[in-house]
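One structure is given below, encoded as structure tokens.
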Amino acid sequence: MTELTILMPCLDEAATVGVCVAKARGFLERAGIAGEVLVADNGSEDGSQALAEAGGARVVAVSERGYGAALRAGIGAARGRYVIMGDADDSYDFSRLDAFVEKLRAGHPLVMGNRFKGGIRPGAMPALHRYLGNPVLSFIGRLLFRTRVGDFHCGLRGFDREAVASLHLRTPGMEFASELVVKAALAAWRIAEVPTTLDPDRRGRPPHLRSWRDGWRHLRFLLLFSPRWLFLYPGLALLLLGVTMTTALYFSPLHIGRLGLDVHSMLYASAGAMLGMQLCLFALFARLSVQLAGLLPPQADLQRLLRWVTLERGLLLGLGIALLGLIWSATAFWRWRETGFGALDPRVVMRDTIPAAALMVAGMELFLASFLLSVLRLREGG
């Protein structure tokens with residue numbers, strides 16, 4: 001039985017793939033591990049495939065372009081119970097994987113390398129990546145997904161092959177590195193870290209990584225997979241602030257030092273409250289959409305909410321709020337009628353018409369959102 005597959009994605013790595021394969025095979029022999037070296041070739045045109053095979057690796061051809069696509073195909077073709085993946089540019093030392101194997105055997109389904117703890121050799125990582133890109137993206141990942149992984153984008157990592165298959169990884173590009181960690185964190189896996197040394201790659205050409213393009217793809221992925229931070233938390237803050245300000249200004253103007261707030265501020269506050277409500281609805285729609293698409297596992301809190309939020313309840317709530325706003329508007333109209341439809345003081349009448357209009361709009365948004373939510377839930381029979 002094959003215990004370990006050492007997997008290397010490859011695209012025109014003729015200068016280094018042979019060395020990487022030799023180090024990996026040497027490690028397997030030294031450690032006495034029944035394993036294989038697997039190269040997932042992404043369309044090399046420099047003879048990398050032949051060099052890898054000559055060194056004793058098994059090569060699988062991957063037609064779909066992209067770092068993630070190559071790794072997904074390699075994981076699917078792997079024969080080992082465990083997989084340790086790393087770049088074929090000789091920046092990681094495949095002859096020193098003992099700590100990864102130890103953690104995997106101890107039951108950790110994912111073992112991450114950490115280059116910031118293990119050491120980054122001079123010239124191995126651009127300053128932009130070392131001091132801005134990787135630390136910032138890793139911090140955002142830890143914040144959004146409540147994980148302690150210190151280096152989200154280390155290319156050397158090991159995992160249980162069957163466990164990773166259950167995550168249904170899909171991204172084809174460099175953001176695959178983030179997807180693996182994010183889905184493992186959401187699945188509440190025990191993730192271990194191993195200090196890893198990063199050496200300068202020895203290919204003699206620029207890397208495939210594009211700093212701003214691939215950095216944006218990682219950030220975009222992190223945000224899209226966290227509707228709470230992208231939509232819900234900003235929405236709740238706007239909704240609370242908008243409702244609080246609108247309520248306070250309804251009774252009288254506010255004075256904060258030399259700053260005076262009146263109906264004009266009330267108008268913006270009510271608009272902020274409506275925007276906040278929309279963001280909260282977006283969070284619900286986004287989370288349900290990615291869940292139904294199989295990109296994220298079901299969430300207990302969301303499932304409880306969906307059991308309570310039926311189409312009928314949403315329609316009644318929306319109509320009730322809209323009706324309240326309509327009655328409030330009718331009251332303001334009646335007061336205007338009593339004056340003979342003459343001129344009114346905006347500072348007085350707007351205190352009624354602004355919240356009344358906001359309630360009518362909010363009610364109709366909830367009414368229509370209830371239909372949209374029911375459409376999204378058709379796939380689950382909701």
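Quick one: compute the contact order of the chain, relative version, from alpha carbon pairs under 8 angstrom and 6+ residues apart, as a percent.
Reported as a whole number, the value is 14 percent.
Considering only DSSP beta bridges whose two residues both sit in the chain, what percent are antiparallel, to the nearest 5?
30
Under the √(5λ) rule applied to the eigenvalues of the Cα gyration tensor, what semi-axes describe the equivalent ellipsoid of segment 60-198? Give them in Å, descending.
So the equivalent ellipsoid measures 21, 17, 17 Å along its semi-axes.
Rounded to the nearest 500, what is the 222 nm mean residue ellipticity of the chain from helices alone, with -39500 (n - 2.57) per DSSP H run of 4+ residues and division by all residues?
Helix contribution divided over all residues of the chain: -17500 deg cm²/dmol.
Over the Cα atoms of segment 16-142, what Rg and Dmax result, in angstrom?
15.7, 42
Straight-line reach from K23: which lysines have a Cα under 27 Å away, not including same-chain ones fewer than 8 places off?
K103, K117
Taking amide H atoms as placed 1.01 Å from N in the peptide plane, list the residues 5 or more away in sequence, or in a different chain, whose amide H sits under 5 Å from that of F152.
Amide H to amide H, under 5 Å and 5 or more residues apart or across chains, F152 pairs with S138.
Leaving out ligands and nucleic acids, and using a 1.4 Å probe, what accessible area per residue does the chain come to in Å²?
Roughly 50 Å² per residue, with all protein chains present.
Report the local net charge at T171: Lys and Arg +1, Asp and Glu -1, summed over other residues whose C-beta lies under 11 Å from its C-beta.
Neighbour charge sum, excluding T171 itself: +3.
Round to the nearest 10 and give me the degree value, 0 to 90, for the angle of helix 176-186's Cα axis relative to the longest principal axis of the chain.
Helix 176-186 sits roughly 60 degrees off the main axis of the chain.
Within segment 8-117, what whole-number % of the accessible surface is contributed by carbon and sulfur, with the 1.4 Å probe and all protein chains included in the calculation?
Here carbon and sulfur together make up 47 percent of the probe-accessible area.
Please report the accessible area of F139 (heavy atoms, 1.4 Å probe, ligands and nucleic acids excluded) in Å², nearest 10.
Ignoring ligands and nucleic acids, F139 comes out at about 120 Å².
Rank-order 247-256, 82-91 by packing density, defined as the average count of other C-beta atoms within 10 Å over each peptide's residues, highest first.
Ranked from most to least packed, the peptides come out as 82-91, 247-256.
Nearest 10 degrees, 0 to 90: what angle lies between the long axis of helix 67-77 and the longest principal axis of the chain (Cα atoms)?
60
Give me the percent of accessible area attributable to carbon and sulfur for segment 203-286, probe 1.4 angstrom.
Result for segment 203-286: 74 percent of the exposed heavy-atom area is carbon or sulfur.
Could you sort F27, F282 by accessible area so the largest value comes first, with the probe set to 1.4 Å?
F282, F27
Leaving out ligands, DNA and RNA but keeping every protein chain, what accessible area does D12 have, in Å² rounded to the nearest 10, with a 1.4 Å probe?
Counting only protein heavy atoms, D12 exposes about 50 Å² to solvent.
Specify whether the C-alpha gyration tensor of segment 65-111 places it in the rounded, prolate or oblate class, a ≥ b ≥ c being the square roots of the eigenvalues: rounded for a/c under 1.5, otherwise prolate if a/b is larger than b/c and oblate if not.
The shape class here is oblate.
If the viscosity is 1.567 mPa s and the temperature 4 °C, what Stokes-Einstein diffusion coefficient in µm²/s follows for segment 179-301 when Rh is the Kirkwood radius over Cα pairs?
D = 70 µm²/s.
Could you please tell me the mean projected area of the C-alpha convex hull for segment 136-189, averaged over all directions and given in square nanometres to one decimal?
Mean projected area of the Cα convex hull: 3.7 nm².
Residues with amide H under 5 Å of E13's amide H, sequence separation 5 or more or different chain, H placed in the peptide plane at 1.01 Å from N; which?
S48
The values are calculated or read from the model by the stated rules, or taken from the named source; none is laboratory data. In this text the structure is predicted, and so the values were computed from the model without any measurement. Methodologically, a virtual Cβ is constructed for each residue, glycine included, from the backbone with ideal geometry; neighbour enumeration extends over all protein chains shown. In case anyone asks, the SASA skips ligands and DNA or RNA and just uses the protein heavy atoms, side chains included. Shrake-Rupley method; radii C 1.70, N 1.55, O 1.52, S 1.80 Å.
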